[in-house]
Amino acid sequence: MLNIPTQSFPAPSSQQRVGQSGRTKVALKPGHSLMDWIRYSKSGKDLTGLRGRLIEVTHEELQKHNTRNDCWTCIRGMVYNVTPYMDYHPGGEDELMKAAGIDGTDLFDQVHRWVNYESMLKECLVGRMATKPNTAIKAMIPPPQPVFAPSNQVSPLAVKDSRPRYDWFQTATTVHLVIYTQRKIPNSGCTVVDLEAGVLRVEVLLGKMSYMVHLRLSENVDGDIAVNTAFAVGKIQLTIRKQAEGKWSSLGEPLEFHNTFLSKKDRALFFRDCVLVSKTEVNHNTRVFQLQLPRGTVMHVPVGKHVYLKSLIQGTEAVRPYTPVDQSLSVVPDTSSEKTGLYLMIKVYPDGLLTQHLNGLHIGDHVSVSGPEGTFSLRPLRDTTVLYLLAAGTGFTPMSRLIRVALHESFAIRKTQLLFFNRREEDILWRRELDELTAQDERFQVEHILSEPCESWTGRKGRVDDTIIKDFLSRPQGSKCYVCVCGPTLFTEQTIRLVKQQGFSEEEIHAFQG
């Protein structure tokens, strides 16, 4: 029997996702939405052409299926017949054909490694790639034995181990876990703690790396956790209260990936169930969803990072990324408390599988939420004096918290300008708050540009182009500028190109890609 992987990955990127992909979406034919694909894949039709059989596929066999009407590809050792999916793929058939007849894992990871392809393509599964015989033979050959240096040679100095490590201690009523990261850590939130049913999972995000402690605790504990961080020395201490006084013989039993230090991109997403606390209308099609974290979870999403929401809808996992916002532009959040939950500004699309599901949730319903993801860093803003933000639609969401950082937390930024593109006046998110902020703080300016304005609109009209970018961007003498862009893929790509034409370098631009 084939061992079919069950791990699921989040779904394709949205305009809020932080990443480096440049995928272009195509207009799908009517009746070819994600929901239509789900219905079609569950129709009982034979999508593989193998009448339900699973086979082992050799490299030579995979290469034969490389045409538009007969297209197989391999992702992480599993082979799929993606021919029936061609017309449903948001990136178009040309993107799928790049992986026709070959192992497409690297191509897949470059564009959208979080897509839950196992769920979406499970009816297209042909089978597993056959193991090459020479691979097994090589595995049986023992490695060469080390040659020991003569005893009169001087041993090289030991290299200092910079990997994070942990220790623990206890009192009669509490147990304390201490993590030494071996480096300074950012004060914008880097520790995610989950305690559920006696299992403790701690993930410390250190740049592009992730350190994890994962244990089944020896004894029962209360659900609340206190986290204290000494940022300058890189020390994190967790305090948990024991349910019964006494001495523990050990902290607990190590679980999967315990005490590992991996690249963040190689760490699978971890979801926890959150409760919907409130839904607040922003405009005619956008809501702010407030989600409460579980009792045993401590998590702060840093500025510019996003989370994934996951729900099971009609037997298929729907997963999308969303960037948290603050409760409002006028209220400075209490960053000392990580139990306030998340505020997510989400546009509800008429044909959106997950957004329609979210909009139908009632207060008290649950939704699964991942930890922080994304590549954005506040480090370039440390010496930035002029911050330019260019957003289209819900691409405004990462900008909202950047505005707060620029006005309330940065001593260097002297001017923040937002260029906000929308279709119509009623589409502008938090317009009243943006206008009030402009009136209250001379360091902040916003300009709205509409592509489909009404006759009474007196502001600027049009779409992003060379003239608009020239008028918006300037480089005052002696200033250090930084530009952030977020919106639909085509908007982002065109905007970045135009910004670069104005003399801004890669290091001066960050794109929240879609």
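The values are calculated or read from the model by the stated rules, or taken from the named source; none is laboratory data. These numbers come from a predicted model, not from an experiment. When we count neighbours, we look across all protein chains shown, and the Cβ atoms used for this are built from the backbone with ideal geometry, even at glycine. What goes into the accessible areas is simple: the full protein's heavy atoms, side chains included, and nothing from ligands, DNA or RNA. Shrake-Rupley method; radii C 1.70, N 1.55, O 1.52, S 1.80 Å.
Residue selection: F169 fails the criterion of being among the aromatic types (F, W, Y), open to solvent by 20 Å² or more (accessible area, probe 1.4 Å) and either under 26 Å from the mean Cα position of the chain (by Cα) or closer than 27 Å to D273 by Cβ (or both).
Filtering the range 396-403 for residues that are surrounded by fewer than 16 Cβ atoms within 10 Å (Cβ to Cβ) and either at pLDDT below 95 or over 23 Å from F270 (Cα atoms) (or both) leaves an empty set.
Considering the range 40-82, the residues that are open to solvent by less than 30 Å² (accessible area, probe 1.4 Å) and assigned to a helix (DSSP H, G or I) include one that is nearest to M129 (Cα to Cα), namely L62. Within the range 186-197, if we keep just the residues that are part of a loop (DSSP other than H, G, I, E, B) and either without any contact (Cβ under 8 Å) to a residue 40 or more places away in the chain or among the hydrophobic types (A, V, I, L, M, F, W, C) (or both), the residue that is farthest from M299 (Cα to Cα) turns out to be A197.
Looking only at residues of the range 190-204 that are more than 16 Å from S370 (Cβ to Cβ) and open to solvent by 10 Å² or more (accessible area, probe 1.4 Å), we find that the one that is nearest to the chain's Cα centre (by Cα) is L195. All conditions but one from (1) surrounded by fewer than 17 Cβ atoms within 10 Å (Cβ to Cβ); (2) more than 29 Å from the chain's Cα centre (by Cα) apply to R423; the one that does not is (2).
Against the test of being touching a helix residue (DSSP H, G or I) at 6+ places or on another chain (Cβ under 8 Å), crowded, with 17+ Cβ neighbours inside 10 Å and in contact (Cβ under 8 Å) with a residue 40 or more places away in the chain, the options L434, L389 yield a single qualifying residue, L389. Meeting the requirement of 1 or more residues that are out of contact with any Cys (no Cβ under 9 Å at 6 or more places or on another chain) and open to solvent by 70 Å² or more (accessible area, probe 1.4 Å), the strands (runs of 3 or more DSSP E) wholly within the range 205-298 are 209-217, 221-230, 235-242, 252-254, 271-281.
Among the residues of the range 86-117, just one is at pLDDT 85 or above and aromatic (F, W, Y), namely Y88. If you go through the range 299-320 and keep only what is small (G, A, S) and crowded, with 19+ Cβ neighbours inside 10 Å, you end up with G304, A318. The residues on offer are F504, F444, F472, and the sole one that is over 29 Å from the mean Cα position of the chain (by Cα), closer than 17 Å to V386 by Cβ and crowded, with 17+ Cβ neighbours inside 10 Å is F472. Residues that are within 18 Å of F472 (Cβ to Cβ) and not in a helix (DSSP H, G or I) do occur in the range 368-385, at least one of them. The set of residues in the range 366-424 being among the hydroxyl-bearing types (S, T, Y) and out of contact with any Phe, Trp or Tyr (no Cβ under 8 Å at 6 or more places or on another chain) consists of T375, S377, T385, T394, S410.
Taking the numbered list (1) touching a residue at least 60 places away in the same chain (Cβ under 8 Å); (2) more than 22 Å from the chain's Cα centre (by Cα) in turn, G374 passes all entries but (2).
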